[in-house]
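Here is the structure we will look at.
The values are calculated or read from the model by the stated rules, or taken from the named source; none is laboratory data. This is a predicted model, so every value here is computed, not measured. Neighbour counts are summed over all protein chains in view; Cβ atoms, including those assigned to glycine, are modelled from backbone coordinates with ideal geometry. Surface accessibility is based on the protein's heavy atoms, side chains included, excluding ligands, DNA and RNA. Shrake-Rupley method; radii C 1.70, N 1.55, O 1.52, S 1.80 Å.
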Amino acid sequence: MTTLKFKTVKTLVGGEVAGYMEEKTLECGSWVIGRNGAYIDDVFTHWAGDWYVERNGETYSTNKTKKECVNYIKMWLSYNPNDK
């Protein structure tokens, strides 16, 4: 079983109209775990909803918990160990 070591990455997102905020994602190699946001009238209000798994800019999975995302990546790597 592969041990995954994630690092937290903070990115400034948004704009002058809606305001800026820090988006935090977890990254491990080419894999990214993030969380969807809640919006009211197209304005971000808070992080909510499902978590997602991305690799190289493509969404691979959406899950209810962060742990499910980690397990998805572990499962993927068990079949494709070169996809780190």
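Numerical summary
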{"read-out": "Largest to smallest accessible area among 8, 65 [probe 1.4 Å]", "value": "8, 65"}
{"read-out": "Summed residue charge, Cβ within 11 Å of residue 76's Cβ, Lys/Arg positive, Asp/Glu negative", "value": "+2"}
{"read-out": "Per-peptide average of other Cβ atoms within 10 Å, ordering 56-62, 73-79, 29-35 highest first", "value": "29-35, 73-79, 56-62"}
